[in-house]
Amino acid sequence: MDRTITPARRLAGVVRLPGDKSISHRYGILASLAEGPSRIVNFSSGADCHSTLGCLRALGVPLETKGTTVRIEGVGLDGLKPPAGPLDAGNSGSTIRMLSGVLAAQPFSTQIAGDASLSGRPMRRILDPLRRMGARIQAREDNLPPLDITGGRLSGIDYELPVPSAQVKSAVLLAGLWADGATVVREPVRTRDHTEIALREMGASIEVRPQTIRLQPRPRLQGRELAVPADLSSAAFFLVAALLIRDSEVAMEGVGLNPTRAALLDLLASMGAKPEIHDLREQAGELVGNLVMRHAALRGGQIAGAAAAALIDEIPVLAVLGAVSQGGLVVRDAAELRAKESDRIATVAANLGRLGVEVRVFPDGMEIPGRQRFRAAQLDSFGDHRIAMAFSVAALAADGPCNIHGAEAASISFPEFYDRLESLRT
């Protein structure tokens, strides 16, 4: 589906964001493994999180959805059933990686696969630690989906992440629920800690120290009422849109402000933005607050090292912002971008080039000079939801209408994105 985005004169209003994608995946999985019912409100409307629910349903978990509310009758650690056929993770790397940790411990065999895009994404990063725990997993080229998993008895391991990845950490911790002995994950660079928080909230014995997480096996997880915060990664598009368009002011309510995700606001503030946070509070262990962003002239910025891992999902839209800032944006240490739904270094550079923006590409990032303008262009999502949304935001600041080819990719994480974006025009 193509979509034409016309330039905006001003954006103003309150945006209702979908539930956090990362947290929705984790709540769905852990509620299924808990004892008793759970009710999850503001569950993500994105297709990825519903792929996780579809897999859980196929594993015998009773669940029902009504709008953005999900009711799950937990089956406990020993209640999953063999699926009737292969599990379909769709486009979701989170689904296939995290559920592989669960499936590795089950007393049955399972195949889990996905769409064409997911079938090209690397899985060795989870295969190695899960095999060390005793899992038997076969993969195409020993790296790519589909994964054939023969579940069985697992042992706890002490594992240091070679690459910062919350998905890999989560796969190991989830497998550790069934392990003989404690499971320890060491992360030299801190990654999103939603799994650790959710495990603790649902009754697991988990100890978190700087750079080290220790999980004791066989907890009795308890079902509960849970509310998913609004998604900060989705908020990023509206934060950038407000900064791009003169005289704009955009507000978002109930946004997840977990400190492991705060790098986005820190970077924007370092560039000269003035994000406002109101009504900061805690919700099931997660920090939540209301955000307001107003237009501002920005300095340049740099994303490298630990910041690159923390901002990996936001880099496409931040690249758009970098082009119009005074000093531009430099991104390094972000080779992980090449293994996302698209090669996001290549696809960001391609669309920036179509907009008339100069960009220098590196194997692990890019350099985008500042003080550039966007011209009207034919743009492409490349089937990637974050590319579709990032360049729809860029189109708001172009000198004429832009056409986004494959705009429907946004529905992977934010089906309502275009309606919410259009609602802010004044």
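Spacing of the modelled spin labels on Glu64 and Glu282, each 7 Å from Cα toward Cβ, amounts to 3.4 nm. Anisotropy class assigned to region 21-214 is rounded, per the alpha carbon gyration tensor with a/c under the 1.5 cut-off. With 26 Å as the limit, write out which pairs from Lys274/Lys340; Lys169/Lys274; Lys21/Lys340; Lys66/Lys274 have Cα-Cα distances beyond it, or answer none. The answer is Lys274/Lys340; Lys169/Lys274; Lys66/Lys274.
Under a model in which nothing but the beta-carbon of Lys, Arg (+1) and Asp, Glu (-1) is charged, the chain shows a dipole of about 260 debye around its Cα centre.
For the chain, relative contact order (Cα pairs under 8 Å, six or more residues apart, normalised by length) works out to 18 percent. Please state the shape class of region 38-93: rounded when a/c is under 1.5, otherwise prolate if a/b exceeds b/c and oblate if not, all from the C-alpha gyration tensor. Verdict is oblate for region 38-93. Ordering Ser45, Ser109, Ser51, Ser381 by the number of other Cβ atoms within 10 Å of each residue's own Cβ, fewest first, gives Ser109, Ser45, Ser51, Ser381. Reducing region 279-303 and region 188-263 to their Cα centroids gives an inter-centroid distance of 13 Å. The C-alpha atoms of the chain define a longest principal axis, and helix 47-58 lies at about 10 degrees to it.
I'd like the orientation of helix 315-324 relative to the chain: the angle between its Cα long axis and the longest Cα principal axis, in ° from 0 to 90, rounded to 10. Approximately 10 degrees, to the nearest 10. A protection proxy built from the mean count of other Cβ atoms within 10 Å ranks the segments 20-32, 256-268, 192-204, 388-400, most packed first, as 20-32, 388-400, 192-204, 256-268. Which residues does a label at Ser423 reach in region 221-265, if reach means a backbone N under 13 Å from a point 7 Å past the Cα toward the Cβ? Within reach of a label on Ser423, which here means backbone N under 13 Å from a point 7 Å along Cα→Cβ, region 221-265 contributes 251-253. Solvent-free Debye calculation, one equal scatterer per alpha-carbon of region 155-280: log10 I(q)/I(0) at 0.17, 0.18 Å⁻¹ equals -0.93, -0.99.
Stretching the chain fully between Arg9 and Leu144 yields a gain of 44.1 nm (0.36 nm per residue, less the alpha carbon separation). Charged side chains reduced to their Cβ positions (Lys and Arg at +1, Asp and Glu at -1) give region 93-228 a dipole of some 120 debye around its Cα centre.
In this structure, Ser155 and Arg246 have a Cβ-Cβ separation that, at R0 = 51 Å, corresponds to a calculated FRET efficiency of about 0.30.
Each of Glu141, Glu341, Glu408 has some number of other Cβ atoms within 10 Å of its Cβ, and from fewest to most they run Glu141, Glu408, Glu341. How would you classify region 292-426 from its alpha-carbon gyration tensor, with a ≥ b ≥ c the square roots of the eigenvalues: rounded for a/c under 1.5, else prolate if a/b is greater than b/c, otherwise oblate? Rounded shape, in that the Cα axes give a/c under 1.5. From a point 7 Å beyond the Cα of Gln216 in the direction of its Cβ, which residues of region 139-160 have a backbone N at a distance under 17 Å? In region 139-160, the label zone of Gln216 (backbone N under 17 Å from the point 7 Å along Cα→Cβ) covers 156-157. Report, in whole Å, the centroid distance computed from the Cα atoms of region 352-389 and region 121-185. Here the answer is 35 Å between Cα centres. Here the label points at Asp343 and Arg299, each 7 Å from Cα along the C-beta direction, are separated by 3.4 nm in the simple model. Using equal-weight Cα scatterers in the Debye expression, the normalised intensity of the chain in log10 at q = 0.07, 0.14 Å⁻¹ is -0.32, -1.27.
Rounded to the nearest 500, the helix-only mean residue ellipticity at 222 nm of the chain stands at -9000 deg cm²/dmol, with each DSSP H run of n ≥ 4 adding -39,500 (n - 2.57). Each peptide in 75-83, 342-350 receives the mean, over its residues, of other Cβ atoms within 10 Å, and ordering these scores from highest gives 342-350, 75-83. Please list, in order, the residues from region 175-202 whose amide nitrogen is less than 14 Å from a point placed 7 Å along the Cα→Cβ vector of Asp266. Zone members listed by number: 189-193.
Values in this text are rule-based calculations from the coordinates and carry no lab data. Every value quoted in this text rests on a predicted model; they were computed, and no experiment measured them. Cβ atoms come from the backbone with ideal geometry, glycine included; neighbour counts cover every protein chain shown.
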